[in-house]
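Structure first, commentary second.
The values are calculated or read from the model by the stated rules, or taken from the named source; none is laboratory data. Note that the coordinates shown come from a computational prediction; the quantities given were computed from them, not determined experimentally. Reconstructed Cβ throughout: ideal geometry from the backbone, glycine too, with neighbour counts over all protein chains shown. Areas reflect the complete protein model, heavy atoms only, side chains present, ligands, DNA and RNA absent. Shrake-Rupley method; radii C 1.70, N 1.55, O 1.52, S 1.80 Å.
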Amino acid sequence: MPNLYTAEVAAWRADRAAYWLDAAQDIDWETPPETAFRLRPDGLADWFPDGRLNICANALDRHVVAGDGDRMALIWESPVTGGTQHFTYAALTERVARFAGGLRALGVEQGDRVLICMPPVPESVIAMLAAARLGAVHVFVFAGFPAPELATRIDDTSPRVVVTTTCGYTGVRAISLLPAMAEALGIAAHRPDATIVFQRPGGRMMALPGRVHDFAEVEARSVAIAPVPVAATNPLYILHTSGTTGNPKGVVRDHGGHAVALRRSMRHVYDIEPGAVFCCTADLGWVVGHSYAVYAPLLTGCTTVLYEGGATGTPDAGALWRLCARHGVNLLFTSPSALRAMRSEDPEGAHGRSCDLSALLAVFVAGERADKATLTWAAGAAGVPICDHWWQTETGSAIAGSLRGLNTPAGRAAIGFDLVVLGETGGVLPPGTEGELAIKLPLPPGCLTTLWQAEARMQATYLARFPGYYRTFDQGMTDARGEVHVMSRTDDVLKVAGRRIAAGRIEEVLAAHPEVAECAVAGRADAARGQVPVGFIVRRVGDSPVTDLRAELVAAVRAQIGGFAGFRRVVFLDSLPRTRSGKIMRRYLPQ
Ligand code: AMP
């Protein structure tokens, strides 16, 4: 059998411009690009700089025009609320076009930001695609952030309109989202023109600062709007991710490169064709949800299954397998943490074995290091290959992993990623040697184009240390067969149940407590969440010490960062290990 992977890599290396212009033909353009990329002085590339398109038109209208309007675009299931909804491509296009009309009536124009703070419900997808339809920039924020985190994101992106909802769910527990939003709108310096609230049956409406509109009314009173073609390089969205400081980084993604890269990845990475059923359980506030619950399946003409529930507890560890069986899911994309949780409640994999998973071809996982035992368990439960792949918010799709469509069972670099392993001084290390994984510039289409209003930070963070390369901040190596192995972060970013959390952000909160003299936060292995933060605290000597400082610190982190940070462990020390220059040596903190 010809080696598909080697042939594809050879074609890409031989003529990168021709390779990507060919890939661009999978997308509908108002003005097809003649130039694949234009190199910038910093070594990054502007992709398809002379092309014009609208990604929403490619995700929706295109399929209707092609006669597939009756095909299912989106199936939503919410085990907690009992809700299930089906949307054909025609129906979803109509709703998105009307909501886009509603946003336009509220003054949203090309380039304006629309901040969306919602759980995984169809209205979230509608709001994202409606913003994209207008050439506006969506900023999706995880529903569950406390007010200070929300306010930071409002001020960073100055949205014209905010879209939110009355409640979300953590497991079976309803969480009111409006109190945090009301507080955030109160403390943010920026004042959006309007807030649109989607009223859910389980949630309660409340007063918010500024003009407030009801989602359903905005949609009902509006006229449908056609997609606005924009330059391929126009920003499509901003998605914040943790850096090493408390200040989140707003990763910016474009319309054209993103559309081409995602469409290609469906073929190369997942081996999925139009009409297939794709289910990605990631929250929409995470890059994986953006790429594989929304854009990639819809760009490909697939059915996306959106799930508002947990891997366990809604009601049990069989929920995901039954979801796959009910909808004939062909490809499930979830996280190692979800599989670990399912395994701990169903060690024999009985739930999976009792479901009809005959449509399922593979399960993909990403977001954190996956342990062998969990992957083996999942393969037994699902009866299909479990594929690990490695990626980042910054790259928008997999950098390396199992590429099903190219017959590579284990970690190969995805096409377009010129992956190397660098030593301390920036030299390329030979196979089998561990170092920092880096990508030779230019980055392929679909990767970040900049950090929102922080170009200098972008350069300093990713490009300055190793000229000519993008830093991934992941430690790893390639082996003699070319397989990529990802070990751990090289910076102080933790992965708690797959979510990125800066140690520095937690330290900021701890250090603000009057009884904390010094503190450091480090990640420690955790059976359920992969990693959890542990706070190492040196107490200030005071007259009347707080009796339960641990509880106060845990509560402070929960209030200011959120429960998902998983911060519960505190260790009291007499002093912190420091270098002579005073830097904390995290690796010498107690294990
Ligand atoms: P995020 O931007 O939140 O998706 O986090 C990206 C980080 O998650 C990467 O830099 C890695 O540290 C980690 N990561 C993602 N996928 C994997 C994987 N398959 N194996 C190991 N680590 C991963």
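Hey, any hits in the range 392-400 for a residue that's open to solvent by 20 Å² or more (accessible area, probe 1.4 Å), charged (D, E, K, R) and either touching a Phe, Trp or Tyr at 6+ places or on another chain (Cβ under 7 Å) or within 13 Å of the ligand (Cβ to nearest atom) (or both)?
No, that holds for no residue.
Please pick out the residue among His327, His258, His268 that is open to solvent by less than 10 Å² (accessible area, probe 1.4 Å) and in contact (Cβ under 8 Å) with a residue 40 or more places away in the chain.
Testing whether each residue is open to solvent by less than 10 Å² (accessible area, probe 1.4 Å) and in contact (Cβ under 8 Å) with a residue 40 or more places away in the chain leaves just His258.
Could you check, for the range 360-372, whether at least one of its residues is more than 15 Å from the ligand (Cβ to nearest atom) and either in contact (Cβ under 8 Å) with a residue 40 or more places away in the chain or farther than 21 Å from Val532 by Cβ (or both)?
Yes: the range 360-372 contains one or more residues that are more than 15 Å from the ligand (Cβ to nearest atom) and either in contact (Cβ under 8 Å) with a residue 40 or more places away in the chain or farther than 21 Å from Val532 by Cβ (or both).
Condition test on Glu94, is it outside any strand (DSSP E or B), open to solvent by 20 Å² or more (accessible area, probe 1.4 Å) and in contact with a Leu (Cβ under 9 Å, 6 or more places away or on another chain)? Show your work before the answer.
Numbers: outside any strand (DSSP E or B): yes; open to solvent by 20 Å² or more (accessible area, probe 1.4 Å): yes; in contact with a Leu (Cβ under 9 Å, 6 or more places away or on another chain): no.
Taking the combined requirement at face value, the residue does not satisfy it.
Of the residues that make up the range 230-244, is at least one farther than 30 Å from Thr35 by Cβ, part of a loop (DSSP other than H, G, I, E, B), of a type outside the set (S, T, N, Q) and under 22 Å from the mean Cα position of the chain (by Cα)?
Within the range 230-244, one or more residues are farther than 30 Å from Thr35 by Cβ, part of a loop (DSSP other than H, G, I, E, B), of a type outside the set (S, T, N, Q) and under 22 Å from the mean Cα position of the chain (by Cα).
Could you say whether any residue in the range 468-486 is among the hydrophobic types (A, V, I, L, M, F, W, C), away from the ligand (no atom under 16 Å from the Cβ), surrounded by fewer than 20 Cβ atoms within 10 Å (Cβ to Cβ) and free of Cβ contacts under 8 Å to residues at least 12 places away in the same chain? Explain how you work it out, then say what you get.
Filtering the range 468-486 for residues among the hydrophobic types (A, V, I, L, M, F, W, C) gives 473, 477, 480, 484, 486.
From what is left, the residues that are away from the ligand (no atom under 16 Å from the Cβ) are 480.
With the extra rule that they be surrounded by fewer than 20 Cβ atoms within 10 Å (Cβ to Cβ), the set shrinks to 480.
In the following step, the residues that additionally are free of Cβ contacts under 8 Å to residues at least 12 places away in the same chain were identified as none.
No - not one qualifying residue is present in the range 468-486.
Spot the failing condition for Glu77; the list is (1) more than 30 Å from Gly210 (Cα to Cα); (2) in a helix (DSSP H, G or I); (3) charged (D, E, K, R), and only one is missed.
It is condition (2) that Glu77 fails.
I'd like to know if the range 375-382 contains one or more residues that are within 13 Å of the ligand (Cβ to nearest atom) and closer than 22 Å to Arg263 by Cα.
No, the conditions are met nowhere in the range 375-382.
Does Asp61 qualify as being among the acidic types (Asp, Glu) and open to solvent by less than 40 Å² (accessible area, probe 1.4 Å)?
Taking the combined requirement at face value, the residue satisfies it.
Which residues, counting only those in the range 411-445, are open to solvent by 20 Å² or more (accessible area, probe 1.4 Å), out of contact with any helix residue (DSSP H, G or I) (no Cβ under 9 Å at 6 or more places or on another chain), farther than 19 Å from Asp42 by Cβ and assigned to a strand (DSSP E or B)?
Leu419, Val428, listed by residue number.
Please work out which residue is farthest from Arg499 (Cα to Cα), limiting yourself to the range 331-354 and to residues that are assigned to a loop (DSSP other than H, G, I, E, B) and open to solvent by 30 Å² or more (accessible area, probe 1.4 Å).
This residue is Ser354.
Given the residues Ala188, Ala180, which is the only one that is of a type in the set (A, V, I, L, M), out of contact with any strand residue (DSSP E or B) (no Cβ under 9 Å at 6 or more places or on another chain) and open to solvent by less than 30 Å² (accessible area, probe 1.4 Å)?
Ala188
Table: residues versus (1) open to solvent by less than 50 Å² (accessible area, probe 1.4 Å); (2) assigned to a helix (DSSP H, G or I); (3) touching a His at 6+ places or on another chain (Cβ under 8 Å).
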| residue | (1), (2), (3) |
| --- | --- |
| Tyr5 | yes, yes, no |
| Glu8 | yes, yes, yes |
| Trp12 | yes, yes, no |
| Trp20 | yes, yes, no |
| Ala24 | yes, yes, no |
| Asp28 | no, no, no |
| Thr35 | no, no, no |
| Arg38 | no, no, no |
| Gly43 | yes, no, no |
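What is the number of the single condition among (1) open to solvent by 10 Å² or more (accessible area, probe 1.4 Å); (2) in a helix (DSSP H, G or I); (3) within 16 Å of the ligand (Cβ to nearest atom); (4) of a type in the set (A, V, I, L, M) that Ala216 does not meet?
Condition not satisfied by Ala216: (3).
Is it the case that some residue within the range 264-287 is within 15 Å of the ligand (Cβ to nearest atom), within 30 Å of Asp155 (Cα to Cα) and acidic (Asp, Glu)?
Yes, the conditions are met somewhere in the range 264-287.
Considering the range 495-527 alone, what residues qualify as being outside any loop (DSSP other than H, G, I, E, B), open to solvent by less than 10 Å² (accessible area, probe 1.4 Å) and more than 18 Å from Val538 (Cα to Cα)?
Val496, Ile501, Ala502
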